[in-house]
Structures are given as structure tokens and as C-alpha cells.
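To start, the structure under review is shown below, and the notes come after it.
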Amino acid sequence: MCLSTLSGFPALSHAENAIFPKNNSAQKQWVGKPAPAFKLQDQNSKWHQLSQYQGKWVVLYFYPKDNSPGCTQEANQFKALYPQFLKNDAVVLGASLDDVQSHQQFSEKLKLPFPILADHDHQLASQLGIIRNLGITKIAKRETFLIDPQGTIVYHYSSVNTQTHADQVLADIQKFAKNKS
């Protein structure tokens, strides 16, 4: 699997340069690397692992806090486009450091059709280097990782506009999928 990932990488690098003219060090740190394996519970206490999504695009978007204005706006954007993500063979997984109960209330309030993962122990966010300390509180930074069907991170969004991000990710999946075929 490593060889096939590496052999497909030059095409992704080319696609990345054509699609995303602005490169930064955070982006380069993750692109082309396998996504970290994880096992986290969603808002319904159902377990999710990266391995169960092999063969699909995975949008792993982290956000700081349930029920905050920006996080609500971002979740609603992904909800509105969710049918389009499904049509493009993509799974949307929201994640924050909030617990399962907080996610359950947030998800029910917004009627979210996709899982929101509780990284309450900060394990995945720490692996990805996106923890922010706010005094005694820790939150995940608002960042997204686009993972290809083989489990490789093909894009890291380190700067996110909550109003347009879901549209951007969907367009990027379509571009990457077109360049891979």
C-alpha cells in the first residue's frame, strides 16, 4: 500500500499545485502522509474508525466548541451540502474536544445527518497538532483534513471560513477525484 500511495503522489502534488496556488508549511506537513488511525465515538455513542471508510473520501473537520456561532454555521454548511458529499463518495466527520453528550445535544438541535466525533481525551487532535490552550481550557483549532480513499491526507485546511468552507472542500474533492481518474 505504501508503494501505491507513493506512486500516486506525484500526480497529487501536481494537482495540489494546480488547484491550490498558496502553499504553507502546515499544508506541506500533512500532505502525502497517512492519516492517523483513530477510534472515536459519535453523538450517538457509535464507534468510528478511519479504517471503516477505506475506499471513500473522508472530510475530517475539527471545530472549537459545540453551539458556538462559527461552529454552528460551519456544521449547517456541511449539512446543506451533505447530499452532494454522498454523491461524490465522501464521508463528513465533524470532531471537537467536547464529549458525546454535548455532541448529542448539538447534533439534535441542528438535525445533523453526519457523525460528530468526541475527541474528549484530545488524542486525535494532539496527533494532528491542532490543540489550542485557552487558560485552563483546551479546544481544537478550526482545521480540516481531506483524506483520500486510500487513507492519505491530500489537503490540510489550516485556515477556514465557516461560510464557504464546505463548498470549498466539496469542490476540492471533485477536482482531486477528476485528477486521479
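Tabulated results
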item: Residue 180-residue 111 pseudo-label distance in nm [points 7 Å out on the Cα-to-Cβ vector]; result: 3.2 nm
item: Among 79-85, 46-52, 100-106, the order from most to least packed when residues are scored by Cβ within 10 Å on average; result: 100-106, 79-85, 46-52
item: Estimated distance in nm for a label pair at residue 161 and residue 73, the labels positioned 7 Å out from Cα along Cα-to-Cβ; result: 1.1 nm
item: Modelled FRET efficiency - R0 35 Å, residue 51 with residue 134, Cβ distances, 0.05 increments; result: 0.60
item: In Å, descending, principal axis extents of the Cα set of the stretch 132-174; result: 40, 26, 10
item: Kirkwood hydrodynamic radius (C-alpha pairs) into Stokes-Einstein, the stretch 59-134, 10 °C and 1.306 mPa s, D in µm²/s; result: 125 µm²/s
item: All aspartates and glutamates inside 16 Å of residue 87 as judged from Cα atoms, apart from same-chain residues fewer than 8 positions distant; result: 148, 167, 172
item: FRET efficiency for residue 171 and residue 89, using Cβ-Cβ distance with R0 set to 22 Å, rounded to 0.05; result: 0.90
item: Charge dipole (the stretch 116-181, unit charges on Cβ, about Cα centre) - positive-most of 161, 149, 130; result: 161
item: Hz values of 3J(HN,Hα) by residue in the stretch 118-127 - Karplus curve (6.51, -1.76, 1.60), Gly and Pro given as x; result: 9, 9, 4, 8, 6, 5, 5, 4, 5, 4
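Coordinate-derived values only; no laboratory data. Because the structure is a prediction, the values reported are computed rather than measured. FYI the Cβ positions are ideal-geometry reconstructions off the backbone, even for glycines, and counts take in every protein chain you see.
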